[in-house]
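Colleague: Pasting in a structure now, in structure tokens, and then I'll have a few things to ask.
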Amino acid sequence: MRPLNSRLALIAMLMLGLAACAKGGGAVTSSDMSMGDAKAPVTVIEYASASCPHCAEWNNEVFPAFKAKYIDSGKVHYVFREFLTPPVEFAAAGFLTARCAGRDKYFSVLDAIYHGQRDIEQSGDYRGGLMRIAESAGLSDAQFNACVTDDAALKSLNDRVDGYIKHDGVNGTPTFIVNGKTLDGEQSLAKLDAAVAAAQAGK
């Protein structure tokens with residue numbers, strides 16, 4: 001589990017110019033990205049960073065089966081909440097790019113970032129890697145550039161993250177909240193099976 005250094009995140013974002021909630025996850029709002037039936041009996045909230053390798057591994061290895069079993073079947077409402085971990089310029093720009101692609105493409109862009117995360121980070125060419133993903137989602141170079149330098153969007157992102165830290169008590173990624181109960185760190189499908197079953201039983 002990668003700890004969050006919020007001060008480093010804020011300082012790094014300002015230097016690079018790239019440019020909430022209650023305990024237990026808080027109410028789902030219009031700023032949240034989500035999948036599945038909003039009226040499902042179980043809500044699973046994931047706090048994750050686009051630059052977190054544990055988040056990428058969970059997305060690539062566990063999420064497809066979790067989605068098929070719970071989200072696509074209407075048993076779980078899945079809510080994704082954006083966090084920032086080093087390198088924060090990559091995480092922030094990744095989330096801004098996904099949002100600029102639109103709600104209908106948000107998760108496909110995020111998935112592409114997670115699958116390309118290792119290669120992008122090893123190359124050090126964050127901008128080039130994200131631009132290629134943005135182009136595949138239909139964004140022009142000009143749209144991408146405007147997106148990752150949008151001060152208002154960056155402030156909104158940073159405000160959301162601050163809220164998750166201060167009010168939700170989240171301090172690392174990935175963190176999962178299943179009907180108000182917190183699971184820290186990367187979770188196997190078996191552990192999530194148990195958490196969802198407990199939530200369905202009202203435990």
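The values are calculated or read from the model by the stated rules, or taken from the named source; none is laboratory data. These numbers come from a predicted model, not from an experiment. When we count neighbours, we look across all protein chains shown, and the Cβ atoms used for this are built from the backbone with ideal geometry, even at glycine.
Colleague: Inspect segment 161-179 for any residue being buried (at least 21 other Cβ atoms within 10 Å of the Cβ) and of a type in the set (Asp, Glu) and give the result as yes or no.
Modeller: Scanning segment 161-179 turns up at least one residue that is buried (at least 21 other Cβ atoms within 10 Å of the Cβ) and of a type in the set (Asp, Glu).
Colleague: Does segment 51-80 hold any residues that are out of contact with any helix residue (DSSP H, G or I) (no Cβ under 9 Å at 6 or more places or on another chain) and part of a loop (DSSP other than H, G, I, E, B), and which are they?
Modeller: Across segment 51-80, the qualifying residues are Asp72, Ser73, Gly74.
Colleague: Among (1) under 15 Å from Glu89 (Cα atoms); (2) surrounded by 14 or more Cβ atoms within 10 Å (Cβ to Cβ), where does Asp125 come up short?
Modeller: (2)
Colleague: Among the listed residues Gly74, Gly17, Gly36, Gly24, identify the single one that is closer than 21 Å to Ala198 by Cα and modelled with pLDDT under 95. So that I can check it myself, show each step before the final result.
Modeller: On the way: Gly74 fails: modelled with pLDDT under 95; Gly17 fails: closer than 21 Å to Ala198 by Cα; Gly36 fails: modelled with pLDDT under 95.
Testing whether each residue is closer than 21 Å to Ala198 by Cα and modelled with pLDDT under 95 leaves just Gly24.
Colleague: In the list Ala48, Ala98, Ala9, which residue meets the criterion of being modelled with pLDDT of 95 or more, within 20 Å of Val148 (Cβ to Cβ), in a helix (DSSP H, G or I) and within 17 Å of the chain's Cα centre (by Cα)?
Modeller: Details: Ala48 fails: in a helix (DSSP H, G or I); Ala9 fails: modelled with pLDDT of 95 or more.
So the residue among Ala48, Ala98, Ala9 that is modelled with pLDDT of 95 or more, within 20 Å of Val148 (Cβ to Cβ), in a helix (DSSP H, G or I) and within 17 Å of the chain's Cα centre (by Cα) is Ala98.
Colleague: Only one of Gly128, Gly138 is in a loop (DSSP other than H, G, I, E, B), farther than 19 Å from Cys55 by Cα, at pLDDT 95 or above and over 16 Å from the mean Cα position of the chain (by Cα); which?
Modeller: Working: Gly128 fails: in a loop (DSSP other than H, G, I, E, B).
Step by step, each of Gly128, Gly138 is checked, and only Gly138 is in a loop (DSSP other than H, G, I, E, B), farther than 19 Å from Cys55 by Cα, at pLDDT 95 or above and over 16 Å from the mean Cα position of the chain (by Cα).
Colleague: Can you pull out the residues in segment 157-177 that are touching a Leu at 6+ places or on another chain (Cβ under 7 Å), part of a loop (DSSP other than H, G, I, E, B) and among the aliphatic types (A, V, I, L, M)?
Modeller: Residues satisfying the conditions do not exist here.
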